[in-house]
Each structure stands twice: as structure tokens, then as C-alpha cells.
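J.: Have a look at this one before I ask anything.
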Amino acid sequence: MEITEALLRELSLLAETDRTVLSAYLDRSRGWDRAEDFIARESSGLKRLLSEEERKNFEASLEFMSDYLVEKKAGGYSGPGLAFFADLGANYVKGVELPAPPEPLLAVDDEAIIFPLALQLDSYEPVGVILIDASGARILITAGETAQDMNSLAKKIHHKSKVGGWSQMRYQRRREKQVKHLAVELAKRAEAVFRQEGVNRIILAGQGRMITALKEELPKALSEKVIGELPWSLKEGDAGLLDRMETLVEATERGQEEGLLKRLVGELRRGGLAVAGARDTERALVMGAVDVLLVSDGLDTDTRERLVSMTESTNAHVEYVPKPNPILSKLGGVGALLRFRVQGKS
């Protein structure tokens, strides 16, 4: 399973019980052996801190995680990281594929530790890529260091007419029809795929007339989500594409953060739909008033985890702002845009 807002909400609800929850984040980028050694080392230390009943549940949870890892290894999983959660009292076990290597963690607590997931979801929001050139087209979903091929159209557009064939004008009309047909079909497929996958950012990659034809066929809902274009050939593969995309995605992410921070400060100045600081933000979360939580890395770990978990349980959105950020630092490391005004702020 991949990271989604629905998954974060699901995990946040585990905090409503008194049961012990296992949370694990594994860096698989350095190999399976390193990840397994980490589990063995950390679990040995944790067992000494648990009661007999907690230890039994913990060991059973580790067995479920071991089965999950065996399955991923046998299936040839080569992604950079995995997360795993188990609440046996709720009959809940879930493994998650991560788009980037996480900070390794193995923990037992009365709630799932979800901030690292929320951070990766925010930092590596899925990006849809439509690639098109004369050799065909592809639709990709990318996140962090991973790319998933969702759809391919292997329709070649002829560059040269045969000797003794059509005149240049007739050949050009035929080629334009081929390009338009491919663009229409590709736009239709992309719309369906991106809607299903919840993609809100799109990059177009290709060459010249092919990109122009595709843009002409994109419905308005997709056009508004396009964050940039890249010159590209399908022959160049995916690895270099991800590197080239990084600048566009990073600029979009920083622009989104700046816009939200500007709104936050504006609302705070006019006493409007915003709060700042851990105390007022938590109060707004309890009331279900938060629409977007803006949290910086400078906030202490316990407070950050608590506020993020509350945010996910109320179906609000978490926006992580990398440290250092002077605006959030002055506001106590956290703030929130609200759905409705909260009275009696401290």
C-alpha cells in the first residue's frame, strides 16, 4: 500500500484505544540485511521495557512484520523504504511502501507514530507525468525516488514518407491526424488515471509539436494542474527524468508553502481564520476547526506527533515547512488555517 490521506486518518484512529501499537520505519535503500539487523537490535532493547502481556503482543506483531517483509522480498520489492503498523487488539496490520528512505524507527506506543508518513506524503506528493513523442506515449505516477508506469501507448508517428508515396502535403495531413488521435486518446486515459490516483500535480514531457497537440486536448481540470514542461524522449528512460523533475516539483512545493504562510500571517493580523502556537492550535484541533496545519521541524517531537495525529483524525491537511522558517519560528513552530473562527483564543 502507498501513503494516502485515508491511510493517515485510519492510523490516527488507533490512538482511541488503550492498546499498544507497533510502528516501524525501515530504510531499505542500504539492503535487506541492514533493515533486518536494525529490527533485531531495536526489538531486543524494547522487549526489556515491556510487561509480559505487552511483550507477547510485541513479539506477535514482529512475526506479522516478518511475514510482510518476506512477501515483499519474494515479490522483488526494490523501493527505498517501508513502514509497518500493527495493533493486534484491533486486528490491524498494515505495510506501506515509502517513496524515500525514512529515518529508521521501531517503537511501541499507545498510538501509531504517523508524522514520518505525513512528512513523506507532503514532501513527495504524487506527480503525474505524461510523456509523448513520435514513438508513442506513457503515463507515469512518480513520488520521491519511485515511478510507476500506469499506461503506455505504443503508437509510432511516421516521420518520413516512403519513396513514391504521398505528396508532402498529403503526408503532413496524415501525420497531423495521427498526432491528434494520439493526443486525444492520451488525454482521455490520463484524466481517468490521475482522477483515480488523486494526482494534483502534472508534468508534461516530450518534444515540440507532440506536447503542443497534447496541451490542446487536455481538459481544463487537467490543464490547471500542470506545473511545468520538460523536453524529453521516451528513449531516455526514467532515472534521468526523475532528476529533471525535481527542480519543478521543489519550486512548486516551496511556492505552495509560501502561499499558505502568507495566508496564515494575513488571517492572524486581521484576527481571522487562523491560530498560531501549540496551545491555540491544539484547541482548534479539538474543536474540529483546523483546515490546514502548518508545522515546522523546529517543533518538539512529542507535540508535533500529537498535533499531526489530531489533524489526520479530523480530516484536515498537514503542510510540513522545512526548517529553518522565520515566520513559523516566531509563531512557536506551528500554526493553522481554520474552517471556522475559534472564540476565546489564549
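J.: Provide the FRET efficiency to the nearest 0.05 for the K215-K262 pair, computing r from the beta carbons and using R0 = 22 Å.
T.: 0.15
J.: List the residues, sorted by chain then number, that are 5 or more residues from D133 or on another chain and whose placed amide H is less than 5 Å from its amide H.
T.: Those lying under 5 Å, H to H, from D133: there are none.
J.: If you don't mind, another one. So what is the 222 nm mean residue ellipticity for the chain from helices alone, if each DSSP H run of at least 4 adds -39500 (n - 2.57) and you divide by all residues, rounding to the nearest 500 deg cm²/dmol?
T.: -15000 deg cm²/dmol
J.: OK, next. Could you tell me which of the pairs K47/K72; K94/K330; K94/K220 are separated by over 30 angstrom between their Cα atoms in the structure shown?
T.: K94/K330; K94/K220
J.: Further, regarding this structure: Over the chain, with a Gaussian network built from C-alpha contacts below 10 Å, which listed residue (V129, V334, V96) shows the highest mean-square fluctuation?
T.: Per the Cα network of the chain with a 10 Å cutoff, V96 tops the list.
J.: Toward the positive end of the charge dipole of the chain, about the Cα centre and with charges on Cβ (Lys, Arg +1; Asp, Glu -1), which of A35, L294, V108 goes farthest?
T.: L294
J.: Within the chain, which whole H helices from DSSP have a Cα span along their axis of at least 27 Å and a mean Kyte-Doolittle hydropathy of 0.5 or more, if any?
T.: Helices meeting the criterion: none.
J.: To the nearest 20 debye, what is the magnitude of the charge dipole of segment 194-296 about its Cα centre, counting +1 on the Cβ of each Lys and Arg and -1 on the Cβ of each Asp and Glu? List each step's numbers first, then the result.
T.: Working: 15 positive and 17 negative charges, 79 e Å.
Taking the Cα centre of segment 194-296 as origin, the dipole is about 380 debye.
J.: Additional query: Which whole-number percent gives the relative contact order of segment 253-338, counting Cα pairs below 8 Å spaced six or more residues apart?
T.: On the way: 127 pairs, mean separation 36.0, N = 86.
This gives 42 percent for segment 253-338.
J.: Taking square-rooted eigenvalues a ≥ b ≥ c of the alpha carbon gyration tensor, is segment 1-85 rounded, prolate or oblate, where a/c under 1.5 means rounded and, failing that, a/b exceeding b/c means prolate? Each step should come with its number before you reach the end.
T.: Working: a/c = 2.15, a/b = 1.17, b/c = 1.84.
Oblate, since a/c reaches 1.5 and b/c is not below a/b.
J.: With 10 angstrom as the radius, rank K220, K215, K330 by how many other C-beta atoms surround their C-beta, starting from the fewest.
T.: Ascending Cβ contact count within 10 Å gives the list K220, K330, K215.
J.: Moving on. Of A90, A112, A15, which has the largest mean-square fluctuation in a 10 Å C-alpha GNM of the chain?
T.: In this elastic network of the chain, the residue with the biggest mean-square fluctuation among A90, A112, A15 is A90.
J.: Roughly how many debye, to the nearest 20, is the charge dipole of the chain about its Cα centre, given +1 on each Lys and Arg Cβ, -1 on each Asp and Glu Cβ, and no other charges?
T.: 2420 debye
J.: Let me ask something additional. Apply the a/c threshold of 1.5 to the C-alpha gyration tensor of segment 253-338 and tell me whether it is rounded, prolate or oblate.
T.: Judged from the Cα gyration tensor, segment 253-338 comes out rounded (a/c under 1.5).
J.: Turning to a different aspect of this structure: Say we join alpha carbon atoms closer than 10 Å with springs in a Gaussian network model of the chain; which of N325, N200, N315 then has the biggest fluctuation?
T.: With Cα springs under 10 Å in the chain, the top fluctuation among N325, N200, N315 is at N325.
The numbers here are math on the coordinates, done by the rules we state, and not lab data. If you're wondering where the values come from, they're calculated on a predicted model, not measured in any experiment. Positions of Cβ are generated from backbone atoms using ideal geometry, with glycine treated the same way; all protein chains shown enter the neighbour counts.
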